[in-house]
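Data block below; observations after.
The values are calculated or read from the model by the stated rules, or taken from the named source; none is laboratory data. On a predicted model such as this, the values are computed, not experimentally measured, just so you know. Note that each Cβ is placed from the backbone with ideal geometry, even for glycine, and that neighbours are counted across all protein chains shown.
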Amino acid sequence: MMKKLLLTAAMAIASLAGNAQSAKLLADKIVGILGDKIVLRSDIFNYIEDIKRQGGDVPPDAECVLLEKMMADKALILQAEKDSLPVSDEEVEAELDQRIRYFIMQYGGKEAFEQIAGRTIYQVKEDFRKSIREGRLAQAMRKSIVENVKITPTEVRTFYEKIPRDSLSFYETELVVGQIVVYPKAGRELEKFAIDELLDYKKQVESGQKSFETLARLYTEDPGSRQTGGRYEFNKNDKTLDPNFKNGAFRLKEGQISPIIKSKFGYHIIQMISRNGDDAVIRHILRIPQITEEDIQASRVKLDSIRAKLIAGILSFGEAVDKYSEDENSKFTAGLISGQGGSFVTIDELDKDLVNDLKRLKVGEYSAPLTFTDEREKVGVRIVNLRSRTEPHRENLRDDYNRISQRALEEKKNKAIDKWFTTKLSTYYIMIDKDYETCEAIRKSFGDVVKK
């Protein structure tokens, strides 16, 4: 029927920047009603315009498809409200803040975002709080419908056997790779040298010799902010920020420069540019104490000891990751390096050094400690564990059961949702604007229940 991809109301916020002005120019009208919920023509128009701005392809029947999906979403929302499915104010605010922060970064700052949106951050939040809540309700209702849907091995095989042989995917070599990472600690002398450098930069700014922006462009070791003179915008509630860095920044008054702050990345000085409630614009300079060969060797010795315990079976890989690994990403994946295929990675998703190291490993083996440089240009040492390696192959049940079963499960869930809609739609008042009554997507989903 209709539910292979449900459009949640929260999608509306994806087009909040840049659509405020265009919506005013559109002669708006109600194009769909389901129960007491309405869909405006501007809802559809704005979303299509956003797809165009992002370079996406818009099919000829985009308005019809979007209206059908938005109407389906309204049914989910209505039932979620009727069933009193819980959606807390906290989760709504958290998602709203996250999306607003994303757009602030995308458009180069709070002021630029407000100018493009034609509204203040406060107004944007007020405009889209309802959409976010409804989106959460739709997600909760869909989850409620499919939460008891399971798949059996027989159903997986049946699903697989229905796939035409020439439609089966072809997979290149795929690997499952785990790692335990340790970052060498600099000696006291080199730490002091980095701190002294930052104290000198602070003195130059406070005496008027140089601007903070100029010094950041010249000396910061943060590749993400070097080109912007160390500039960052963030919210106090952002849990991804290093707490020492964030707390140090929010103790500053506008124009003030912090004392030396130590974070997990190195040492910083921070200048507060402006602050509005929990939103701040800052500049910072990061200096990372230099690592010597002696420091690296100390990390190798530590990892050698861990490797010996892994091989002897004294320590499990998961326990070693939890206890010793300093890589934030793999901490949440039990040490696995993730790629586009989830826990599977292809050769081209790994750095060349790691690819060469893996060639020398058999499945199940642990590498000797290996030195590498991460995406932040920070030197680390790691043990690599090759969990599995597949040869290039056409999709089959033996090698790809989990993938196939996941697709089979999704198909079964979609059928459960289709059945739910078939049962529920006739219980709602439904109106479709005459301009859309002939749409194929609308006729298939709502043709028998639309009120003329």
| query | Which one is surrounded by the most Cβ atoms within 10 Å (Cβ to Cβ) among residues in the stretch 227-263 that are touching a residue at least 60 places away in the same chain (Cβ under 8 Å) and out of contact with any Lys or Arg (no Cβ under 8 Å at 6 or more places or on another chain)? | reply | Ile260
| task | Quickly run through the stretch 120-158 and pick out the residues that are of a type in the set (A, V, I, L, M, F, W, C) and under 19 Å from Ala408 (Cβ atoms). | result | Ile145, Val146, Val149, Ile151, Val156
| query | Restricting attention to the stretch 390-440, which residues are under 18 Å from Gly342 (Cβ atoms) and part of a helix (DSSP H, G or I)? | reply | Asp399, Asp400, Tyr401, Asn402, Arg403, Ile404, Ser405, Gln406, Arg407, Ala408, Leu409, Glu410
| field | Of residues in the stretch 264-275 being in contact (Cβ under 8 Å) with a residue 60 or more places away in the chain and assigned to a strand (DSSP E or B), the one surrounded by the most Cβ atoms within 10 Å (Cβ to Cβ) | value | Ile269
| Among (1) of a type in the set (A, V, I, L, M, F, W, C); (2) in a helix (DSSP H, G or I); (3) over 24 Å from the mean Cα position of the chain (by Cα); (4) closer than 28 Å to Ile30 by Cα, which single condition is Leu85 missing? | (2)
| request: Could you check Phe193 against (1) more than 23 Å from Glu326 (Cβ to Cβ); (2) surrounded by 14 or more Cβ atoms within 10 Å (Cβ to Cβ); (3) in contact (Cβ under 8 Å) with a residue 24 or more places away in the chain and say which number it fails? | output: (1)
| field | Filter pass, Ser84 being at positive phi and among the polar types (S, T, N, Q) | value | yes
| said: Where the second residue is modelled with pLDDT of 90 or more and of a type in the set (Lys, Arg) and the first is surrounded by fewer than 16 Cβ atoms within 10 Å (Cβ to Cβ) and lies in the stretch 385-411, which pairs have Cβ atoms under 7 Å and are six or more apart or on separate chains? | reply: Leu397/Arg157
| note | Considering residues that are in contact with a strand residue (DSSP E or B) (Cβ under 9 Å, 6 or more places away or on another chain), over 21 Å from Ser258 (Cβ atoms) and either small (Gly, Ala, Ser) or assigned to a loop (DSSP other than H, G, I, E, B) (or both), the number found within the stretch 182-200 is 2
| field | Residues located in the stretch 313-367, provided they are surrounded by 17 or more Cβ atoms within 10 Å (Cβ to Cβ), at pLDDT below 85 and either among the charged types (D, E, K, R) or assigned to a helix (DSSP H, G or I) (or both) | value | Ser330
| How about the stretch 47-82: which of its residues are more than 25 Å from Ile432 (Cβ to Cβ) and assigned to a helix (DSSP H, G or I)? | Arg53
